[in-house]
1. Checking VAL21 against (1) surrounded by 10 or more Cβ atoms within 10 Å (Cβ to Cβ); (2) among the aliphatic types (A, V, I, L, M); (3) modelled with pLDDT under 95, only one condition comes out false. Which one?
2. With the requirement that a residue be surrounded by 10 or more Cβ atoms within 10 Å (Cβ to Cβ) and either in contact with a Phe, Trp or Tyr (Cβ under 6 Å, 6 or more places away or on another chain) or modelled with pLDDT under 95 (or both), what does the stretch 1-18 give you?
3. Looking only at the stretch 32-64, which residues are surrounded by 10 or more Cβ atoms within 10 Å (Cβ to Cβ) and β-branched (Val, Ile, Thr)?
4. Name the residue that is farthest from ALA57 (Cα to Cα), counting only residues in the stretch 18-36 that are of a type in the set (Val, Ile, Thr) and in a loop (DSSP other than H, G, I, E, B).
Amino acid sequence: KEPPKETLIITGEELCKKLGVTIQTLIRWRQKGKIPFLEIGSAIRYDLHKVLEALEAKKKGAKK
């Protein structure tokens, strides 16, 4: 069993750089429910590990 990953909360701009996608892609994924996000006041933040897990799960589900 893997040790729990440390929570890493990042901005949309940081997530775009890490994933190599545009902010429009992030918005679209968020609206479609493809990636989890946090709403803190009017700011949107992302838990990097949860986003990566969600994208991996979608990728594995598409291969079936």
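The values are calculated or read from the model by the stated rules, or taken from the named source; none is laboratory data. Given the structure is predicted, the values throughout are model-derived calculations rather than measurements. Glycine gets a Cβ as well: all are built from the backbone with ideal geometry, and neighbour counts include every protein chain shown.
1. (3)
2. Passing the criteria: LYS5, LEU8, ILE10, LEU15.
3. If we filter the stretch 32-64 for residues that are surrounded by 10 or more Cβ atoms within 10 Å (Cβ to Cβ), which is where we start, we get 34-38, 44-58.
Correct list: ILE35, ILE44, VAL51.
4. THR22
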